1. Considering every residue within the range 183-190, establish whether at least one is under 30 Å from ASN54 (Cβ atoms) and assigned to a loop (DSSP other than H, G, I, E, B).
2. Which numbered condition in (1) crowded, with 16+ Cβ neighbours inside 10 Å; (2) assigned to a strand (DSSP E or B); (3) of a type in the set (S, T, N, Q) is the only one that THR107 fails?
3. GLY224 is checked against (1) without any contact (Cβ under 8 Å) to a residue 60 or more places away in the chain; (2) open to solvent by 30 Å² or more (accessible area, probe 1.4 Å) and fails just one. What number does that condition carry?
4. What are the residue pairs meeting all of these: first residue in the range 102-121, first residue closer than 30 Å to ASP245 by Cα, second residue of a type outside the set (D, E, K, R) and exposed (fewer than 14 other Cβ atoms within 10 Å of the Cβ), Cβ atoms under 7 Å, and 6 or more apart or on different chains?
5. If you go through the range 168-182 one residue at a time, how many are over 13 Å from TRP218 (Cα atoms) and outside any helix (DSSP H, G or I)?
6. Over 21 Å from SER46 (Cα atoms), at pLDDT 85 or above and part of a helix (DSSP H, G or I): which single residue out of LEU118, LEU124 fits that description?
7. Suppose the filter is under 15 Å from LYS188 (Cβ atoms), open to solvent by 10 Å² or more (accessible area, probe 1.4 Å) and among the hydroxyl-bearing types (Ser, Thr, Tyr); does THR268 pass it?
8. Considering only the range 199-212, how many residues are buried (at least 21 other Cβ atoms within 10 Å of the Cβ) and more than 26 Å from SER250 (Cβ to Cβ)?
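The values are calculated or read from the model by the stated rules, or taken from the named source; none is laboratory data. On a predicted model such as this, the values are computed, not experimentally measured, just so you know. Using ideal geometry, Cβ is built from the backbone for each residue, glycine included, and neighbour counts are taken over all protein chains shown. Remember, those area values only see protein heavy atoms, side chains included, never the ligands or the DNA or RNA. Shrake-Rupley method; radii C 1.70, N 1.55, O 1.52, S 1.80 Å.
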Amino acid sequence: MNILLIGNLCKDVVYEVAEYPKEDAKVKSLGKQIRIGGNAGNIAISLSHYADVNVHCCAKIGDCFYSQGLPNEMLSKYRTNLFPVIENNHEIPESIIIDSSRTSTRTCFHYRGSCNDLTVKNVLDTIPDFTHYNWIHLEHRRNGLEVLNLAKCLKLKCPKTIISIDIEKIRDGFEEMLNVVDIAIISKEVCKELGYSNIQDSLSGLGSITKNILVVTWGDCGAGAFVQQNNEDSKLLLCGAVQVDEIVDSIGAGDSFSAAFIYAMLRTKLVKESLQFGCQIASLKLQCSGMLMCNKQAELQAAIEALAIS
């Protein structure tokens with residue numbers, strides 16, 4: 001199975017603190033990690049858990065020292081072939097993340113710098129052939145109309161490939177995008193901004209403007225999907241979150257869900273089972289520090305084997 005990710009790759013600098021500091025306070029950090037982040041980076045690392053997946057990632061990065069080692073690191077550590085679009089004399093985007101142990105929340109300060117988002121031309125000039133991909137996953141970035149045009153272009157170039165997108169903020173072209181991609185994964189923040197207060201209302205409301213598959217993620221309330229097939233009656237599918245005793249690290253849990261959902265859809269082609277698998281893997285991620293889930297490998301492998309049986 002060949003998957004292409006097109007989106008944001010950045011450097012995450014994570015500081016763990018006992019609790020989020022008050023303004024103008026000086027607190028001691030309990031730990032610090034520097035790791036690959038961004039939606040595309042996190043999803044790529046999450047997909048590296050699945051042995052039968054080949055992952056390629058196209059992202060724009062600067063030519064700074066940190067960026068120079070990224071292609072080798074992505075390939076050697078995470079089995080991901082990186083198609084970098086290099087901007088000379090630019091930094092790689094960076095996120096400073098404050099991870100509160102007391103509340104299990106993270107506060108993110110993202111610095112994009114002068115590195116611009118990907119354009120349609122960037123992607124087409126960098127990737128010679130799209131037809132061998134089973135799945136292409138996008139992000140609805142701040143250049144929303146450019147991402148919309150990219151999605152349209154990809155649908156023409158590889159009509160048999162599933163095109164999906166993560167939507168974490170409302171950008172230009174939002175509604176039209178729902179009718180272009182095959183699957184849209186929408187965050188609860190977007191739904192709340194649109195006036196919805198729960199998964200069911202979000203899916204019913206947004207489902208009225210598209211015939212494609214919609215997935216809504218809602219943190220500790222789980223996830224749901226709106227599916228309409230062959231012009232038949234629509235189906236609203238719900239899956240509760242898997243509760244955990246302790247949240248160790250919530251950074252990238254949503255990306256873990258997206259990666260698991262994509263993988264399960266490719267394996268089973270069943271939306272309900274893919275929702276369940278996504279929620280299950282996201283719950284394992286919450287109990288681990290970082291995206292590799294080193295202390296939950298046995299549970300991860302058991303979930304993958306159970307998916308194969310189903």
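1. No, the range 183-190 has no match at all.
2. Here THR107 clears every test but (1).
3. (2)
4. ARG102/ALA18
5. As a first pass, look at the range 168-182 and keep what is over 13 Å from TRP218 (Cα atoms): 169-182.
Filter once more, so that each one left must be outside any helix (DSSP H, G or I): 169-173, 179-182.
Counting residues in the range 168-182 that are over 13 Å from TRP218 (Cα atoms) and outside any helix (DSSP H, G or I) gives 9.
6. LEU124
7. It is false that THR268 is under 15 Å from LYS188 (Cβ atoms), open to solvent by 10 Å² or more (accessible area, probe 1.4 Å) and among the hydroxyl-bearing types (Ser, Thr, Tyr).
8. The total comes to 1.
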